[in-house]
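The values are calculated or read from the model by the stated rules, or taken from the named source; none is laboratory data. Everything numeric here is computed off the predicted structure, so don't read it as measured data. All Cβ positions, even for glycine, are placed from backbone atoms using ideal geometry, and neighbour counts span all protein chains on display. What goes into the accessible areas is simple: the full protein's heavy atoms, side chains included, and nothing from ligands, DNA or RNA. Shrake-Rupley method; radii C 1.70, N 1.55, O 1.52, S 1.80 Å.
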Amino acid sequence: MQTPGAHLLALLDSDTPAIWVCVSDAKGSVPRERGAMMIVTAQQTLGTIGGGHLELKSIEVAREMLLLNAETATRRHFPLGPALGQCCGGAVEVALIPVHESDRAMLLQLQMIEQQGGRFVVERVLDTGAQLVLPLYFAHRIIRLDDAHVKRRVLGKHRIATINPSHLT
């Protein structure tokens with residue numbers, strides 16, 4: 001399974017314009033948490049930010065940005081109620097980030113953190129002039145032997161999986 005960073009790098013390598021869509025804020029009852037992400041190109045979408053009209057509207061905005069060759073990231077606020085045709089009742093803010101060749105070093109760093117685990121911060125100036133600062137958290141990827149060998153604990157909102165070293169001998 002390719003990570004978002006790997007997908008974005010592959011799209012850069014193939015000269016395919018893309019918009020990286022991330023849930024930058026989530027309040028109340030929402031389909032996905034802050035940090036959920038998807039990638040939108042003119043022909044495809046990869047990942048999900050929760051489905052429904054929220055995702056359809058986000059894809060619509062992303063594809064419009066692609067048509068306009070947008071250079072600058074933007075943010076959209078979606079109340080998840082009757083107006084959007086979703087019954088969650090919460091509200092989601094979505095960051096839409098055009099990905100360019102100048103982002104390659106940042107995406108290589110993202111890919112490394114996706115593999116090793118840790119915190120990655122997306123920072124962009126938005127079309128409004130405001131600053132987007134979006135921390136993303138990635139759990140260290142491990143080979144899962146079976147549930148008996150993996151101990152789970154929750155730290156804050158983030159689930160961390162660790163291997164009990166005694167099972168590796």
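Classify the range 24-126 as rounded, prolate or oblate, taking a ≥ b ≥ c as the square roots of the eigenvalues of its Cα gyration tensor: rounded when a/c is under 1.5, otherwise prolate if a/b is larger than b/c and oblate if not.
Numbers: a/c = 2.04, a/b = 1.38, b/c = 1.47.
Verdict is oblate for the range 24-126.
The portion of the accessible surface of the range 18-127 made up by carbon and sulfur, rounded to a whole percent, is 52 (1.4 Å probe; DNA, RNA and ligands excluded). Label positions at E71 and L126, each projected 7 Å from the Cα along the C-beta direction, are separated by 2.0 nm. Stretching V133 away from R119 to a fully extended chain increases their span by 3.8 nm, per 0.36 nm per residue minus the current alpha-carbon distance. Local charge for L8 was computed over the other residues whose Cβ lies under 15 Å away, with Lys and Arg +1 and Asp and Glu -1, and equals -3.
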